[in-house]
Amino acid sequence: MNEKRKIYTSFHDIPPREYMYFPKGTIEVSKPGAFSRLEINHLVISMFILTLSFTFALTPFNLRLGFNLYNLPYGLTLSFIAITTAFFFHEISHKFMAQKYGLWAEYRMFPQGLLIAFILGLLSGFVFAAPGAVMFQGGARNYETGRIAMAGPMANIIIALITLPLYLFVFYETDFLSTITGFICYINAFLAVFNLLPFGPLDGTKIIRWNATIWIIMLILSITVFTVTISNTIFAY
């Protein structure tokens, strides 16, 4: 008896409402690495809004003086790099792993989450983002669901582990490069820790159901890198 198709997400379980644009009828599984035009649009919009949100957070708005235009390009550069290395690679890793198992997988933005992120970044200097998720269909088995969930935070952990020694030992005395590598490490480690939390629809819950040992190892790694990065923080925003 065929298993009923299921829908999973990476950041949170989003009901398949009309704005998610799921294909109707038979789902045609794309080749690994393939993107639809709709998916590209959703990715571009999400990255654009998230970049602006983080830029505003790093360049606080003053009601009397407006934005610090001198620091705006600096904040924009940091934000774009952070979004590309953390958000983009996290979601794409989910997508590619799902496609590896022959599932239909595409990213879909969450408009309300993007709006909240933008408002918070603009007005508070703090960004809490739930921009969207990679949706996949095709009746994934338990171990496939676990590996798909693992792929996102694992990508963040790998990037954090690569940039940590660059931040600590290679670019430590170079202000600009040190800030970039440190920020990349910090954002990726934070995103990995957050998504590995064993709550609700986060990746950690799905990984634990598949393999608790792998989840513990990933969580220890991400927390360690995050702690080391924070304890050596020299970011100058």
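Taking the beta-carbon count within 10 Å as an exposure proxy, list Y186, Y101, Y167, Y172 from fewest neighbours to most.
Y172, Y101, Y186, Y167
List the residues, sorted by chain then number, that are 5 or more residues from G138 or on another chain and whose placed amide H is less than 5 Å from its amide H.
Close amide H contacts, sequence-distant or interchain: K6.
What is the gain in length, in nm to one decimal, between L161 and I216 on full extension, counting 0.36 nm per residue of separation less the C-alpha to C-alpha distance?
18.1 nm
Under a plain spin-label model, where a point goes 7 Å from the Cα along Cα-to-Cβ, how far apart in nm are F126 and I230?
1.4
Calculate the translational D of region 18-231 in whole µm² s⁻¹ from Stokes-Einstein, where the hydrodynamic radius comes from the Kirkwood formula applied to all Cα pairs, the temperature is 20 °C and the viscosity 1.002 mPa s.
It comes out at roughly 118 µm²/s.
Let me have the relative contact order for region 18-231, percent, based on Cα pairs under 8 Å that are six or more residues apart. Mind showing how you got there, number by number?
Details: 320 pairs, mean separation 42.9, N = 214.
The normalised contact order for region 18-231 reaches 20 percent.
Order these peptides, 112-118, 34-40, by their mean beta-carbon neighbour count within 10 angstrom, highest first.
The most tightly packed comes first, giving 112-118, 34-40.
Taking 0.36 nm per residue of sequence separation and subtracting the Cα-Cα distance, how much length would be gained by fully extending the chain between I40 and L177, in nm to one decimal?
Contour length minus the Cα-Cα distance gives 46.3 nm.
No value in this document is a laboratory result; all are computed from the given coordinates. Just so it is clear, the structure is predicted and the values come from calculations on it, not from any experiment. Neighbour counts are summed over all protein chains in view; Cβ atoms, including those assigned to glycine, are modelled from backbone coordinates with ideal geometry.
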